[in-house]
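Working notes for the structure below.
The values are calculated or read from the model by the stated rules, or taken from the named source; none is laboratory data. Predicted, not measured: the structure shown is a model, and the values here were computed from it. Neighbour counts run over all protein chains shown; Cβ positions are idealised from the backbone, glycine included.
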Amino acid sequence: MSETKLDLKDITFGELISNRGTTSQVYSVAKYKTQSNLVAKVLNKGTSLPEDGYTEVKALKKVGDFVASGQVPESAFKPGSRNGNTFHPVIIMQRKNGKHIFDTPQYEGLPAGKERKAFMKGIVEEYCRKVAKVAVEKELYQDDANSGNWLVNFVGNTNKVASIELLD
């Protein structure tokens, strides 16, 4: 991943989308150069660039989702921050449709226990099919089943999965 500082004139951060990850936060990107409909994964301070960013950038390039990487000051995505001049590694990528499984009404509407467990078993099977498809078509295997690394879309208000979107 590049240690190049991104030009702040080229990027406009939007709202925080997710802080579920242990090593990063995801923000919407209103604009990067002439592109829109993007997200930025902002890695936490102290995150090692080569180990935590390089492989992700390589994978994103292989599937066609990579846009840019570099570093930005914290003030770019957290205006008024006390650490405004601290630089963070950032990966800018195509935005995917869907929701984190735990944020869906389908998941939230199920009582904890056997019914939710059976529901999640079906979701995980769909996730595995998607990972296998990408592995075969793109010759790239994602060995990270963290639920924060994929989004789900349902068919209307049903529990039927319309699609799974892999994020990294």
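Of all residues in region 55-65, at least one satisfies being part of a loop (DSSP other than H, G, I, E, B), modelled with pLDDT of 80 or more and surrounded by 15 or more Cβ atoms within 10 Å (Cβ to Cβ). Taking every residue in region 26-39 that is not assigned by TED's automatic domain parsing to the domain that holds residue 148 and pairing it with any residue that is part of a loop (DSSP other than H, G, I, E, B), at least 6 positions away or on another chain, the pairs with Cβ-Cβ distances below 7 Å are 30/36; 32/10; 33/10; 37/95; 38/95; 39/95. Within region 151-168, residues that are closer than 19 Å to residue 135 by Cβ sit with their Cβ atoms under 6 Å from residues that are crowded, with 19+ Cβ neighbours inside 10 Å and among the hydroxyl-bearing types (Ser, Thr, Tyr), at 6+ positions apart or across chains, in these pairs: 164/127.
So that you can scan it fast, the table gives a plain yes or no per residue for (1) surrounded by fewer than 16 Cβ atoms within 10 Å (Cβ to Cβ); (2) closer than 19 Å to residue 25 by Cα; (3) out of contact with any Cys (no Cβ under 9 Å at 6 or more places or on another chain); (4) not acidic (Asp, Glu):
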{"site": "135", "(1), (2), (3), (4)": "yes, no, yes, yes"}
{"site": "138", "(1), (2), (3), (4)": "yes, no, yes, yes"}
{"site": "143", "(1), (2), (3), (4)": "yes, no, yes, no"}
{"site": "148", "(1), (2), (3), (4)": "no, yes, yes, yes"}
{"site": "156", "(1), (2), (3), (4)": "yes, no, yes, yes"}
{"site": "166", "(1), (2), (3), (4)": "no, yes, yes, yes"}
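Checked against (1) modelled with pLDDT of 90 or more; (2) not in a strand (DSSP E or B), residue 72 passes all but a single condition, namely (2). Every residue in region 123-168 that is over 22 Å from residue 110 (Cα atoms), at pLDDT 90 or above and among the acidic types (Asp, Glu), please. Selection gives 137, 165.
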